[in-house]
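J.: This structure is in structure tokens; I'll ask about it shortly.
The values are calculated or read from the model by the stated rules, or taken from the named source; none is laboratory data. The model shown is predicted, which means the values in this text are computed figures rather than measured ones. Every residue, glycine among them, receives a Cβ derived from its backbone with ideal geometry; neighbour counts consider all protein chains shown.
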Amino acid sequence: MLRNRSFLTLRDFSQAEIRFLLDTAKDFKQNRDLYRKDAPLRGKSLIMIFQKRSTRTRVTAELAMADLGGKSIFLGQDDIHLGVNETIKDTAMVLGRMASGILARVYEHKDVEILAKYTGIPVINALSDTYHPLQCLADLFTIEIHFGTFEGIKVAWIGDGNNVCHSLMIGCAKMGLTMHIATPIGYEPSEDILHYCKKLNHGEIYVSHNPREVIKDADVVVTDTFVSMGQEAQRKEKLKHFKDFQVNSDLTSSAKSDYIFMHCLPRHPEEVTDEVFYGPHSVVFEEAENRLYTTAAVLKNLL
Ligand code: CP
Ligand code: NVA
């Protein structure tokens, strides 16, 4: 059912399909050598287009393609005509005749939609300004491994209500987790995505401007960089608005005693103190490692 589908946002995937991707990721983690031997993507190729920097997404996608027996081609901002000397539509139509899939990190979400519309091969969103579905899959995977269930789990998001938050909202709503969100005024998640998640009615979702209220009794505490890629010019202003949103041990003292701390990385001290980031509750490096398994699951099933 997942074959030849694009992976632009988890909105397009049912609870059962997300469940299947998480189960494939678990299987891949346990039997990585078998996947390497079977090489299910032998003869397949993935074009990786990055308009922004990346460590985890790029490395995990390249390694996953290699493990699955396929080939990947990395194209950085200066390596490809896309959107500069050639329309996205034309690039999409060319690549669709050559490769098995495209993975793209872009600024505007509509750019991955245009790629998907014209290319005829699956397009995987590797982060847009609106969504980061690959990250959400790894986050759900990490939560489930840690607690053994999604049932009764409360996620507290403290930070910016943009791409990573949007995807986690959708993931939590689809899989039945409760998510409470605290953002500074003016940085709330999109109304449309909030409305969509509320309508799903699987998990409770709540938005506030008060981190202390949101973190109370949380099982999972999550934040993200306060200054996303492309927002560098707003850095000074954003840091001022986010000054009461740093995750520190004073704030986390109201979370559950066995809470876990997550961050998609890259991390900066303004959003979380060293004490929490490197502390006993932090699972950030396991979360980063899990990107490999969940990305492999997406590539294997879609390509
Ligand atoms: N979390 C994440 O997507 O990291 P990269 O920017 O390093 O890919
Ligand atoms: N919100 C961050 C996520 C980076 C993985 C950004 O868009 O830069």
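J.: Of the residues that sit in the range 154-205 and are in contact (Cβ under 8 Å) with a residue 40 or more places away in the chain and of a type in the set (S, T, Y), which one is farthest from ligand 1 (Cβ to nearest atom)?
T.: Y196
For every residue, the table says whether it meets (1) hydrophobic (A, V, I, L, M, F, W, C); (2) at pLDDT below 95.
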| site | (1), (2) |
| --- | --- |
| D67 | no, no |
| V84 | yes, yes |
| R97 | no, no |
| S100 | no, no |
| H109 | no, no |
| V112 | yes, no |
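J.: Shifting gears a bit: Among the residues of the range 275-303, what is the count of those that are within 18 Å of L34 (Cβ to Cβ) and within 16 Å of ligand 2 (Cβ to nearest atom)?
T.: So the count comes out to 3.
J.: Which of the helices (runs of 4 or more DSSP H) contained wholly in the range 135-231 include at least 2 residues that are among the small types (G, A, S) and buried (at least 24 other Cβ atoms within 10 Å of the Cβ)?
T.: Of the helices (runs of 4 or more DSSP H) lying wholly inside the range 135-231, those with at least 2 residues that are among the small types (G, A, S) and buried (at least 24 other Cβ atoms within 10 Å of the Cβ) span 163-175.
J.: Turning to a different aspect of this structure: Which one is nearest to ligand 2 (Cβ to nearest atom) among residues in the range 25-50 that are assigned to a helix (DSSP H, G or I) and among the charged types (D, E, K, R)?
T.: K29
J.: G101 fails exactly one of the following numbered conditions: (1) in contact with a Pro (Cβ under 7 Å, 6 or more places away or on another chain); (2) closer than 23 Å to E286 by Cα. What is the number of that condition?
T.: Against the list (1) in contact with a Pro (Cβ under 7 Å, 6 or more places away or on another chain); (2) closer than 23 Å to E286 by Cα, G101 comes up short only on (2).
J.: Further question on the same structure: Can you pull out every residue in the range 1-16 that is part of a helix (DSSP H, G or I) and either hydroxyl-bearing (S, T, Y) or crowded, with 16+ Cβ neighbours inside 10 Å (or both)?
T.: Selection gives L10, R11.
J.: Going through the range 51-67 one residue at a time, which ones are within 12 Å of ligand 2 (Cβ to nearest atom) and either in a loop (DSSP other than H, G, I, E, B) or not hydroxyl-bearing (S, T, Y) (or both)?
T.: Answer for the range 51-67, where residues must be within 12 Å of ligand 2 (Cβ to nearest atom) and either in a loop (DSSP other than H, G, I, E, B) or not hydroxyl-bearing (S, T, Y) (or both): Q51, K52, R53, S54, T55, R56, R58.
Residue-wise test of (1) farther than 27 Å from L134 by Cβ; (2) of a type in the set (S, T, N, Q); (3) more than 16 Å from ligand 2 (Cβ to nearest atom); (4) without any contact (Cβ under 8 Å) to a residue 40 or more places away in the chain.
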residue	(1), (2), (3), (4)
M229	no, no, no, no
E232	no, no, no, yes
F242	no, no, no, no
V247	no, no, no, no
D250	yes, no, yes, yes
Y259	no, no, yes, no
M262	no, no, no, no
R267	no, no, no, no
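J.: Could you list, in sequence order, the residues of the range 68-100 that are of a type outside the set (D, E, K, R), part of a loop (DSSP other than H, G, I, E, B) and without any contact (Cβ under 8 Å) to a residue 60 or more places away in the chain?
T.: Within the range 68-100, G69, G76, Q77, I80, H81, G83, V84, N85, T87, G96, M98, A99 meet the criteria.
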